[in-house]
Structures are given as structure tokens and as C-alpha cells.
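Here is the structure we will look at, set down as C-alpha cells.
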Amino acid sequence: MDASFDPVNTNLSYEQASALFDEHVKDAALRMHCRASEKIMRGLARHFGQDEEQWGILGLIHDIDFDKTKDNPVDHCVLARSMLGDAGVSNEAIDIICSHAWGTECGGGTVQEKKRTRGIEHALVAAETVTGLIYAAALMNPEKKLSNVKVKSLKKKYKSKAFARNCNRAFIAEIENTGLQMAEFFDIAIKAMQEISDELGL
């Protein structure tokens, strides 16, 4: 395992990534998920002293092919490789993006057997997965507001297997492979999503 963070260059500006995102990601819920993932990745980049824009881009476009593959998940992150390659995204960034599907039903073939080893791979899978836990926690509050989600209560919900049961706890726990403790990760993630609460409708 390598939890260090070498600089990542996606070969995209944020404007180019946004255009790519708008072109291919149409589903409203998916767009919110990707934007939340972007914000959490930006928060993690700030924490680790990395390039906030480049990390944010990874979060924004990590599900670039999901609208096209949601009915056939085995193609998720397979189609993405050609889509991102055609857009000029670096091979390294494509590998990082596709790594979030490892260990799932997506990707097909030997993809499920691959293991995330880089710190940024652990960060991305944890960031995009925790969005669902935080969103569900917000909806549990009477006011349904992200402002009411606290680290302490989120930790309890994380430990409860009955809560948001489709949210993969093992993927969230991979953040600890970066050296970041769960409570601090939850704090970063909650604050990141709160920054776009109006956009998320929460």
C-alpha cells in the first residue's frame, strides 16, 4: 500500500472537465452525487496539501459513463476508459477514476480482482461512497438539512448496518489507508457537502 500522494495531472482544466460532465451526465441525482464527490475530493486535497482542482476533477467525472451503463453495470468504467481517453484525459487519471469500481459488480472480467493500492485511489472510493451516507443522514433529520448532520451522529449511523445498508462501509473505511481518521474524514466530507447544500437541495 502506498498512502503517499504524487501530483496528479488529469490533462483537463476545470472548465474542460465541466463541459465533459455536462455533455455526458444528465441524470439529476447522478449529477448531485458527482458534485458532492468533487467537493469532498477538494476538501481532501486541501487537507493533504494536494492540487484541489485536479482532485476535484477526479470526483466530478468519476461516473462519467454511468448514465450509459446503469442498466448494464458490467460496462461501468469500461466505457469510461474510451470516453475519457477520447477527451484527452491522462492514462493515470483514467486508472484512478476506474479504480473506484474495483471490488464491485462493475467492470467485468479481472477488474473485480484488482486492489486499490494508492492513497488517491482510497481517497476517491471513500469520498464518492460517503456521499450516500451523508445524504441519507440529512434526510433522516426533520428539517432534511445538511447543516444538521454532525460527525458524532454520522459515526453512529456508519456503525449501524441497518442504516443506508447499500452504502459500502468497507469502501468508506479505506480512507484510513491514507492516514486520515474516520472522524476527521466525516468532518471534511460533511463540511464539503454543506458548501453546496442549496445545489443538493439539502
Exposure proxy order (Cβ contacts within 10 Å, fewest to most) of Arg46, Arg118, Arg81: Arg46, Arg81, Arg118
Span-rule helices in the chain, defined as complete DSSP H runs reaching 20 Å or more along the axis (Cα) with Kyte mean at least -0.5: 28-48, 119-140
Centre separation in Å (Cα based) which lies between segment 86-103 and segment 1-69: 11 Å
Correct choice for percent of Cα pairs over 20 Å apart that was computed from the model, options (1) 59; (2) 63; (3) 53: (3)
Placed amide H near Cys106: partners under 5 Å, 5+ positions off or other chain: none
5 angstrom amide H check on Lys70, placed H, neighbours 5+ away: none
Unpartnered cysteines - no second Cys beta carbon under 4.7 Å - across the chain: Cys34, Cys106, Cys167
Computed label-point distance, nm, for sites Arg46 and Asp67 using a 7 Å Cα→Cβ extension: 2.9 nm
Relative contact order of segment 14-196, pairs being alpha-carbon contacts under 8 Å that are 6 or more residues apart, as %: 21 percent
GNM flexibility winner over the chain from Asn11, Asn91, Asn72 (Cα, springs under 10 Å): Asn72
Fewest-first sequence of Lys150, Lys39 by Cβ atoms within 10 Å of each Cβ: Lys150, Lys39
Förster radius 30 Å - calculated FRET efficiency between Ala29 and Lys114 (Cβ-Cβ, nearest 0.05): 0.65
Ranking of Ser37, Ser82 by count of other Cβ atoms within 10 Å, fewest first: Ser82, Ser37
Cross-link pairs beyond the 23 Å C-alpha cut-off, checked among Lys156/Lys191; Lys70/Lys157; Lys115/Lys150; Lys68/Lys145: Lys70/Lys157; Lys115/Lys150; Lys68/Lys145
Label point 7 Å beyond Cα of Gln181 along Cβ direction - residues of segment 132-170 with amide nitrogen under 19 Å: 150-159
Theoretical FRET efficiency, 1/(1+(r/R0)^6), r = Cβ-Cβ of Lys145 and Glu15, R0 35 Å, to 0.05: 0.65
Prolate/oblate/rounded call for segment 86-167, Cα gyration tensor, a/c under 1.5 rounded: prolate
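Here, each number is a calculation from the coordinates, and none is a lab measurement. Small disclaimer: the values here were computed from a predicted structure and weren't measured. Using ideal geometry, Cβ is built from the backbone for each residue, glycine included, and neighbour counts are taken over all protein chains shown.
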